[in-house]
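K.L.:
Below: one structure in structure tokens.
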2 protein chains.
Amino acid sequence: MWKKIEGGITKPQGFLASGVHAGFKKAKLDLALLSFENTVSAGVFTQNAFAASPVKLTKKHLALGNLKALVVNSGNANACTGLQGDNNAYLTAKIAADMLKIKPEDVAVSSTGVIGQQLDMETMKSGLLTATSTLSKEGANDFALAIMTTDTYPKEITLECTIDGTTYSLSGVAKGSGMIHPNMATMLCFITTDWPIDQITLQSYLKEAVEESFNAISVDGDTSTNDMCLIFSSQILPKPAKEKETIFLDGLKKICGYLAKTIVLDGEGATKLLQIKVQNALSQEDAKLAAKAVAHSPLVKTAFFGEDANWGRILCAVGYSGSTVDPNKTDLYLGNWQIVKNGQGTDISESVLAPILKEREIEITIDLNLGDSEYIFQTTDLSYDYVKINGSYRS
Amino acid sequence: MWKKIEGGITKPQGFLASGVHAGFKKAKLDLALLSFENTVSAGVFTQNAFAASPVKLTKKHLALGNLKALVVNSGNANACTGLQGDNNAYLTAKIAADMLKIKPEDVAVSSTGVIGQQLDMETMKSGLLTATSTLSKEGANDFALAIMTTDTYPKEITLECTIDGTTYSLSGVAKGSGMIHPNMATMLCFITTDWPIDQITLQSYLKEAVEESFNAISVDGDTSTNDMCLIFSSQILPKPAKEKETIFLDGLKKICGYLAKTIVLDGEGATKLLQIKVQNALSQEDAKLAAKAVAHSPLVKTAFFGEDANWGRILCAVGYSGSTVDPNKTDLYLGNWQIVKNGQGTDISESVLAPILKEREIEITIDLNLGDSEYIFQTTDLSYDYVKINGSYRS
């Protein structure tokens, strides 16, 4: 139904964007602006207790239900910055609002970068002056570039779908999951669409799509203080029939799934993408526990970096995950090859597995043979470069 | 009260030991035997659902309350080995029992090493023949050497204490927490004493001591299938008055604390020991959650490898730990230097912190300022060598 097309988050009707160099970073684009009117918005946010100032502010503004602009800066996370940080987040919204002739509470704010440092508001002000004056349909790619930190490439996808003669589009842009020194991973994702939809449905769809995508990936298991995923639906095109909304949900899941995978592939120091699938678990919660334990195990991650089909480490992680397991029923597959049957190694030869272990994407399937629940989690291997990138000095 | 003395696990009266080369490993000692009579025993075991065959057998034999010998092999973990593995664990007990003229259920069995491979029982038999015939008071050090895997040195400690004219001793030996390829971390600890004590008290004391020591350390957060800690108390010396038993508990905690710390210091690729102390938490559970999240964060661990006082990563881990925190009340100390006050960085200069970050042991204190609970967890940094050791090919 949905097909992939060229273009970024200004492809859906009703959105203008820009990306400029304000000065939070030395030379690269570091301030992004998205402007829209008459939209319905939804969002999900980090659960971290140290949620950054822009997260707290945007939650509040989203709840008021009248967002008309989004400001994102990279290079400074405005996290662990106390009351002054809260004030600066609000001031950012206020400055943008004045320039765009809207209200401060109509502006969503998002930040990513160094933590523990105050935003320079003069930089913000002069940057926003350029950003507001360069808003255009062509600004989507600059927007994608301006939200990057240690990302090695921008992450965008746009889909299109025609229903009853009307062509709708859906587009997403994301950054992460690189940790910039001296910082933590931050995942930001912004989605636009011209498929009109009510707020409650939009929020529930976004939650569902994020649960299966961004909440099912990790590079190192650390949840940042700045994570945020927002979606804006303009109300310009005619509304499709209610029963067509599952098509929208399907598109949204494609967008989130693609961006999540791209983030993992661009994970710091990652040489491989590991897809951990737990199937036939007693419950969804069990499947999740087991998949996450395997995905977060440094022993498993280093083994795959070393291209070693070390199934003992995988079973071990399943065993301590808290998931209900029967050791004598547990099977394990690497790609299509069964390497563990009923909790014991099969006699498959390492030469058969060697080519699979050299692939850039590896599928690991753990079959608990206890029920019918399934969960898929994606992660990276753990390489020398991960240690290098994250162990390097700040100064 | 307790003072450290020379000697190993045969120092307490009533114990004989040996350590021999059976052939599970190429050349090094790999089979250890401890023999004793008339003892009271207690033990704690891995919670991993894939508990290895020797763990299951020893739990059963311990419950029967009549242990008289302990057999430990290294080089093969007898884990993920199914029914044949269970049979081989029992057969090990049976062979040792026949040679020692006791019953199979009087024998505790423990294994560490490669997983997924069956024990060679001929190797076990010939090894046990030498081990039983060389049992002696002098065998303690060979015992300590024979249980090692990737440990770079044996881990032993012996304490002595005189009460009402009688001198009691307490000795412990441990191995871990190295992962041998293709294997997972295994922590084994065996403690002997000639302080007579009843079984219920011994079990509860062991549990308490382990909780504060072995359960409060990690190298990579992976709980092995073979972990086991056993204690044997011979009943030869006169029993001290009941009210003196807290002295015994104190000694036991010293033994476990010392061995746990030694294991971390010998952790694979470790260049530093990180002591994470969470204080003034709302509850003990909160303190534990926060300390463990920080200790398991790869971002924190790589930062310390890089000698970077990256407090943002520490707060971030506290923030997603699930512990109750108030971001505006959280303080953080590196050694005695306060680097975060009320959730924001202090202006302490990096040159002041640099020498602390170069130390082999670093104390990180997180003050939640919400209650009066405290928890201390010890871990290592995450180095290139960790990735190298654990990412290397099996063959």
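The values are calculated or read from the model by the stated rules, or taken from the named source; none is laboratory data. Everything quoted here is computed from the prediction, not taken from an experiment. Here Cβ is always computed from backbone atoms with ideal geometry, including for glycine, and neighbour counts include all displayed protein chains.
K.L.:
Among all residue pairs at least 6 apart or on different chains, which show Cβ distances below 8 Å where the first residue, located in segment B:84-98, is under 13 Å from B:Ser111 (Cβ atoms) and the second is surrounded by fewer than 20 Cβ atoms within 10 Å (Cβ to Cβ) and of a type in the set (A, V, I, L, M, F, W, C)?
P.N.:
B:Asn88/B:Met121; B:Leu91/B:Met121; B:Thr92/B:Met121
K.L.:
Here's a follow-up. Which one of the conditions (1) over 22 Å from the mean Cα position of the chain (by Cα); (2) at pLDDT 95 or above; (3) of a type outside the set (D, E, K, R) does B:Ser35 fail to meet, given that it meets all the rest?
P.N.:
(1)
K.L.:
A:Val55: within 14 Å of chain B (Cβ to nearest Cβ) and of a type in the set (Val, Ile, Thr), yes or no? Explain how you work it out, then say what you get.
P.N.:
On the way: within 14 Å of chain B (Cβ to nearest Cβ): yes; of a type in the set (Val, Ile, Thr): yes.
It is true that A:Val55 is within 14 Å of chain B (Cβ to nearest Cβ) and of a type in the set (Val, Ile, Thr).
K.L.:
Looking at the structure I just gave you, is A:Gly343 touching a residue at least 12 places away in the same chain (Cβ under 8 Å), within 10 Å of chain B (Cβ to nearest Cβ) and touching a Gly at 6+ places or on another chain (Cβ under 7 Å)?
P.N.:
Yes.
K.L.:
How do the helices (runs of 4 or more DSSP H) wholly within segment B:82-168 filter down when requiring 2 or more residues that are touching a helix residue (DSSP H, G or I) at 6+ places or on another chain (Cβ under 7 Å): which remain? Outline the logic, then answer.
P.N.:
Values: elements: B:82-100, B:121-133, B:140-146.
In segment B:82-168, the matching helices (runs of 4 or more DSSP H) lie at B:82-100, B:121-133.
K.L.:
Quick one: count up the residues across segment A:239-290 that are touching a helix residue (DSSP H, G or I) at 6+ places or on another chain (Cβ under 6 Å) and either within 22 Å of A:Ser204 (Cβ to Cβ) or free of Cβ contacts under 8 Å to residues at least 12 places away in the same chain (or both).
P.N.:
So the count comes out to 5.
K.L.:
Run down A:Lys59, A:Lys68 and say which single residue is without any contact (Cβ under 8 Å) to a residue 60 or more places away in the chain and within 18 Å of A:Phe214 (Cβ to Cβ).
P.N.:
On the way: A:Lys68 fails: within 18 Å of A:Phe214 (Cβ to Cβ).
Answer to the selection: A:Lys59.
K.L.:
Then there's this: Given the structure, is B:Gly82 within 14 Å of another protein chain (Cβ to nearest Cβ) and either at pLDDT below 95 or farther than 21 Å from B:Met121 by Cβ (or both)? Before you say what the answer is, go through the steps one by one.
P.N.:
Numbers: within 14 Å of another protein chain (Cβ to nearest Cβ): yes; either at pLDDT below 95 or farther than 21 Å from B:Met121 by Cβ (or both): yes.
Taking the combined requirement at face value, the residue satisfies it.
K.L.:
Also: From the list B:Thr112, B:Thr39, B:Thr92, pick out the single residue that is closer than 30 Å to B:Thr201 by Cα and within 14 Å of chain A (Cβ to nearest Cβ). Let's see the steps before the verdict.
P.N.:
On the way: B:Thr39 fails: within 14 Å of chain A (Cβ to nearest Cβ); B:Thr92 fails: within 14 Å of chain A (Cβ to nearest Cβ).
Going through B:Thr112, B:Thr39, B:Thr92 in turn, the sole match is B:Thr112.
K.L.:
In the set A:Ile263, A:Ile231, which member is crowded, with 24+ Cβ neighbours inside 10 Å, out of contact with any Phe, Trp or Tyr (no Cβ under 6 Å at 6 or more places or on another chain) and within 17 Å of A:Ser41 (Cβ to Cβ)?
P.N.:
Working: A:Ile263 fails: within 17 Å of A:Ser41 (Cβ to Cβ).
Result of the check over A:Ile263, A:Ile231: A:Ile231.
K.L.:
Next question. Looking at segment A:76-85 only, could you name the residues that are buried (at least 24 other Cβ atoms within 10 Å of the Cβ) and of a type outside the set (Val, Ile, Thr)?
P.N.:
In the first step, residues of segment A:76-85 are kept if they are buried (at least 24 other Cβ atoms within 10 Å of the Cβ); the result is A:76-81, A:85.
Once the filter is applied, which keeps residues that are buried (at least 24 other Cβ atoms within 10 Å of the Cβ) and of a type outside the set (Val, Ile, Thr), segment A:76-85 yields A:Asn76, A:Ala77, A:Asn78, A:Ala79, A:Cys80, A:Gly85.
K.L.:
Then there's this: If I ask for residues that are assigned to a helix (DSSP H, G or I) and touching a Gly at 6+ places or on another chain (Cβ under 7 Å), which ones from segment A:346-381 would you list?
P.N.:
We begin by selecting, within segment A:346-381, every residue assigned to a helix (DSSP H, G or I); these are A:350-358.
Residue satisfying the conditions is A:Ile356 alone.
K.L.:
Could you say which residue among A:Ser297, A:Ser213, A:Ser204 is under 29 Å from B:Val325 (Cα atoms) and either of a type in the set (Val, Ile, Thr) or within 14 Å of chain B (Cβ to nearest Cβ) (or both)? Explain how you work it out, then say what you get.
P.N.:
Working: A:Ser213 fails: either of a type in the set (Val, Ile, Thr) or within 14 Å of chain B (Cβ to nearest Cβ) (or both); A:Ser204 fails: either of a type in the set (Val, Ile, Thr) or within 14 Å of chain B (Cβ to nearest Cβ) (or both).
Result: A:Ser297 is the single residue among A:Ser297, A:Ser213, A:Ser204 that is under 29 Å from B:Val325 (Cα atoms) and either of a type in the set (Val, Ile, Thr) or within 14 Å of chain B (Cβ to nearest Cβ) (or both).
K.L.:
Which ones in segment A:57-76 are aliphatic (A, V, I, L, M) and closer than 24 Å to A:Ser133 by Cα? So that I can check it myself, show each step before the final result.
P.N.:
Residues of segment A:57-76 that are aliphatic (A, V, I, L, M), as a first pass: A:57, A:62-64, A:67, A:69-72.
Scanning segment A:57-76 gives A:Leu67, A:Ala69, A:Leu70, A:Val71, A:Val72.
K.L.:
Please specify each residue of segment A:112-127 satisfying the condition of being out of contact with any Ser or Thr (no Cβ under 8 Å at 6 or more places or on another chain) and within 21 Å of A:Phe190 (Cα to Cα).
P.N.:
A:Val114, A:Gly127
K.L.:
Take segment A:44-56 and flag every residue that is of a type outside the set (S, T, N, Q) and surrounded by fewer than 24 Cβ atoms within 10 Å (Cβ to Cβ).
P.N.:
Our first condition is that a residue be of a type outside the set (S, T, N, Q); within segment A:44-56, this holds for A:44-45, A:49-52, A:54-56.
If the condition is that a residue be of a type outside the set (S, T, N, Q) and surrounded by fewer than 24 Cβ atoms within 10 Å (Cβ to Cβ), then A:Val44, A:Phe45, A:Ala49, A:Ala51, A:Lys56 are the ones that fit.
K.L.:
Continuing with this model, one more query. Condition check: at the interface with chain A (Cβ under 8 Å from one of its Cβ atoms) and free of Cβ contacts under 8 Å to residues at least 40 places away in the same chain. Does B:Leu315 satisfy that?
P.N.:
Against the criterion (at the interface with chain A (Cβ under 8 Å from one of its Cβ atoms) and free of Cβ contacts under 8 Å to residues at least 40 places away in the same chain), B:Leu315 qualifies.
K.L.:
If the requirement is being crowded, with 23+ Cβ neighbours inside 10 Å, touching a residue at least 12 places away in the same chain (Cβ under 8 Å) and touching a Leu at 6+ places or on another chain (Cβ under 9 Å), which of these qualifies: A:Thr380, A:Thr365? Step through it out loud before you land on a result.
P.N.:
Working: A:Thr365 fails: crowded, with 23+ Cβ neighbours inside 10 Å.
None of the others qualify; the one that does is A:Thr380.
K.L.:
Are any residues in segment A:322-331 facing another protein chain (nearest Cβ under 10 Å) and surrounded by fewer than 24 Cβ atoms within 10 Å (Cβ to Cβ), and if so, which ones? Outline the logic, then answer.
P.N.:
Narrowing segment A:322-331 to residues facing another protein chain (nearest Cβ under 10 Å): A:322-328, A:330.
The answer is A:Gly322, A:Thr324, A:Asp326, A:Pro327, A:Asn328.
K.L.:
Does B:Asp385 meet the test of being within 12 Å of another protein chain (Cβ to nearest Cβ), within 30 Å of B:Lys329 (Cβ to Cβ) and among the acidic types (Asp, Glu)?
P.N.:
Details: within 12 Å of another protein chain (Cβ to nearest Cβ): yes; within 30 Å of B:Lys329 (Cβ to Cβ): no; among the acidic types (Asp, Glu): yes.
So B:Asp385 fails the test.
K.L.:
On to the next question. Within the group A:Ser392, A:Ser351, which residue is within 27 Å of the chain's Cα centre (by Cα), modelled with pLDDT under 95 and within 11 Å of another protein chain (Cβ to nearest Cβ)? Even if it seems obvious, please write down each step before you answer.
P.N.:
Values: A:Ser351 fails: within 27 Å of the chain's Cα centre (by Cα).
None of the others qualify; the one that does is A:Ser392.
K.L.:
For segment A:220-244: of the residues being among the hydroxyl-bearing types (Ser, Thr, Tyr) and assigned to a loop (DSSP other than H, G, I, E, B), which is farthest from the chain's Cα centre (by Cα)? If you could, list the steps in order and put the result at the bottom.
P.N.:
If we filter segment A:220-244 for residues that are among the hydroxyl-bearing types (Ser, Thr, Tyr), which is where we start, we get A:223-225, A:233-234.
This time we only want the ones that are assigned to a loop (DSSP other than H, G, I, E, B), so: A:223-225.
Working: A:Thr223: 11, A:Ser224: 11, A:Thr225: 14 Å.
Restricting to residues being among the hydroxyl-bearing types (Ser, Thr, Tyr) and assigned to a loop (DSSP other than H, G, I, E, B), the top hit is A:Thr225.
K.L.:
Additional query: Quick one: A:Asn48 ticks every box in (1) on the phi < 0 side of the Ramachandran plot; (2) more than 14 Å from chain B (Cβ to nearest Cβ) bar one, so which box is it?
P.N.:
Going through the list (1) on the phi < 0 side of the Ramachandran plot; (2) more than 14 Å from chain B (Cβ to nearest Cβ), A:Asn48 breaks only (2).
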